[in-house]
Structure formats: C-alpha cells, structure tokens
1. Summing -39500 (n - 2.57) over the DSSP H runs of n ≥ 4 in the chain and dividing by its residue number, what mean residue ellipticity at 222 nm do you reach, to the nearest 500 deg cm²/dmol?
2. Once the other residues with Cβ under 15 Å from the Cβ of L267 are scored (Lys, Arg +1; Asp, Glu -1), what is the net sum?
3. Past 27 Å, Cα to Cα: identify those pairs from K165/K250; K157/K295; K244/K309; K51/K179, in the order given.
4. Antiparallel DSSP bridges in the stretch 77-186: what percent, to the nearest 5?
5. Compute the accessible area per residue over the stretch 14-247, keeping the other protein chains in place, probe 1.4 Å, unit Å².
6. Over the stretch 1-123, what percent of the accessible surface lies on carbon and sulfur atoms, probe 1.4 Å?
7. Given the whole protein assembly as supplied and a 1.4 Å probe, what does the accessible area of I137 come to in Å², nearest 10?
8. Tally up the carbon and sulfur contribution to the accessible surface of the stretch 236-321 as a whole percent, 1.4 Å probe, everything protein left in place.
Amino acid sequence: MIYFDYNATTVIHPEVLNEMIPFLSNQQGNPASNHKFGRRAQTAIEEAREKVACSVNAHPSQVIFTASGTESNNTIINGIAQNYPETHFAYSAIEHPCISEPIKSLSKKGFVTTKIPVDSQGMLDLDKIENDSKNPISFLSVMMANNETGIIQDLPKIIEWAKLKKIITHTDAVQALGKITVDFEMLEVDAMTISSHKIYGPQGVAALILNKKIDMSAFIMGGGQEKGLRSGTENIAAIIGFGKACERTKEHMVLLNRNIKPLQVQLISELKKMGALIFGENSERLNNTVFFTFKGIDGSTLLTALDRKGFALASGSACSSNNSEPSHVLIAMGVSEEIAQGAIRISLGINSNKNEVDTFLIALKSELERLKQLTAIAA
Ligand code: PLP
C-alpha cells in the first residue's frame, strides 16, 4: 500500500513511540496521586507541556491538554458560550465540522451566529462580513490551513481586523502545525487548537492553547485536572508522545520544504497534463496537499479503483468520508456540486518519495483511461 492520506492521520514517528513505551509498559501512577508514581507522572506531563508550548511559541501555562482537536474546538466554543451568553459567534464557511457544528447547535439555542464566505480561491473575504452594528461579532474562528485544499489563510490580517473590533479570536491550527510556522504569541490570537495525530504523534490527544485573559468555562467537568478547564485523568503516554511529536515539528517542516514540495510540484504538473482541475491553485497552500478533480469522473469510483490498486487517498476530509455530500469547502468556494463530487485529495507525509509518486501517476493514468472507456460504453 502507498499511503497518501497524511492530512487524515500520520504514522507515529519511531522516536515518539520510544518515548511513549515506558509509560505504557510500566506502572504509571495517576498524576493526581500524592506519591512517587503520581509525582513522576505529573512531572512527565509538565515536561510534555513545555515541549507543546515551545512548538507554537506559547507559555506552558497556556496549554490545556484534551483528547482531540474536535474536543479542543468544542471546548472553546461551548466554554465561551457558557460564560458570555450574549456572544455573537462567527466562523468561516470552510471550517472543519467540529467548529461549524457546535456553533450551529448554539444558534438553535438562540445565539447569534454568522458564517463568513470565502472567495473562489478559498480565502476569507473580510469585505463580505456583514457585521450587525446592534449585535456585532464577538467571537471569530478561522482555521490556519484547510484540511481539504491545504489553503493557508492570511491570519495576521484577519486577527488585526478582529482585534480592532475587540473580537475574541480562535484559530484551528490542526493542519498547520508541523507544516508551516505556527506562532501563538506573534499571531496575538486568543485561542488555538492543535492535534497530535496530525504531526506524527499518537491519536487521542490534543491541546487548546488559551490566552489567560480569556475567561472560559469548563466544557468537561469533574476532577479538576488541567486547572479545572478539562477534567479527566490524563492519557499520560499519549501526552508524552504529543510532546515529543511537537519537538520534532521544526525538523518536519524542513523535510516538507526540501523533499515534499518538489513532489507536490510534480503531482500538480502531471495531473494537469492528464486534464485535472486543481482547487485553490492560485492561493498559498500547504506543501503536502493537492486537491483535484477530473471532469466527468466520479471521485468515489476513482478512489475505490485506486484503493484496489494499493493507493490510500481521500475524497475530502476523513471525518466526513461516510458522507456522500459534496465537500462544503468546495461549495463555499463556488464549485458546482457536480465538479465537487469528483474531488480527490492527495496529502503527502515527511517520508513520501518520488518512487511512490511516479508509481501512483502510472496507476492513475491507466485507471483514468479504463474509467473513461467504461463511461463511453455506458453512454
Ligand atoms: N480541525 C481540522 C482542520 C482537522 O483537519 C481535523 C481532523 O481532520 C480536526 C480539526 C479534528 O481533529 P481530531 O481528529 O484530533 O479530532
């Protein structure tokens, strides 16, 4: 199998696994326990917290460990909603469902919400924001890089705009970390989400980075872990792995720039020669992502055919793969439903190589020819 679905999840890096194993195989202790085992677990968590903070240029005290990027995003939205019942929530039309769904749920409870459009190149359009002067936007969530298209938003500009209006800002940096520079302090964003399994760490651990000025209620309550902001006994081995994965992100960015960018260029050029339309081609994108379609070819049929031949790709985000609806990201970019149905995503990883790309391109060419012949016979 050749794996081209790294935006869905990565593989645990061997160095990460090595650091996790002692915490999986030996008696760990509960970090809340007041004995040597407990203290050792607590110390290990704090060391991991420092590594996570360092990877995004935040202070360790700003890091709240959670169990997923989905949980971090739900936490900030619901935590703000509980403390500020008058909040007007705004989000971009291309956000991951773990942002849009909790906001839509709040809208049913009476909160004012606004979905902000993007242009045909997937970029948030500040000029299109309709900000009601009687009830202006007070919370804004815009993702740093999109999981389907790889398009990178101009966040400094968006945050500057929001700050002038005293809006609380959050960014979902789940797809950005380890691929582009993520700097919590420099961005001056109020909250940020990152997730371990997208950066060669284990699944089931993530973080919400929170500016201490933001007064957020807990979403998960109980034993008071994570300064009361996220209760539940910590997943120590996963947190240790997340810390190590964060420590490796700079090295991964170098690999992506040096080794993976040329593969992306090759893929785009060859796909276009075969007649593909590349989504968001004129926007700045992550070095590892190519989202494309062939007119007249059904995306899921091509995906299944390639899967049979040993290639793992995606039709959009893995989280919505049970959903046959066309990608909401492409629809927001003004792509027709018919074209969006054909969309396929390649997302490369740090160890992807030219041989894999060459092999894939040969297989794709032959599958395309076969499917075109079938379509012609059916017509
Ligand atoms: N945000 C983005 C942009 C994502 O791509 C994903 C996962 O695909 C998530 C959030 C959810 O993260 P997790 O899988 O850790 O719940």
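1. -12000 deg cm²/dmol
2. +2
3. As for pairs spanning more than 27 Å Cα to Cα, those are K165/K250; K157/K295; K244/K309.
4. 15
5. On a per-residue basis, the stretch 14-247 sits at 43 Å².
6. Summing carbon and sulfur atoms, their accessible area is 54 percent of the total for the stretch 1-123.
7. 10
8. Solvent-exposed carbon and sulfur of the stretch 236-321 make up 50 percent of the total.
The values are calculated or read from the model by the stated rules, or taken from the named source; none is laboratory data. Keep in mind that this is a model prediction, so the values were computed, not measured. Note that we place each Cβ from the backbone using ideal geometry, even for glycine, and neighbour counts take in every protein chain shown. With ligands, DNA and RNA removed, areas are computed over all heavy atoms of the protein, side chains included. Shrake-Rupley method; radii C 1.70, N 1.55, O 1.52, S 1.80 Å.
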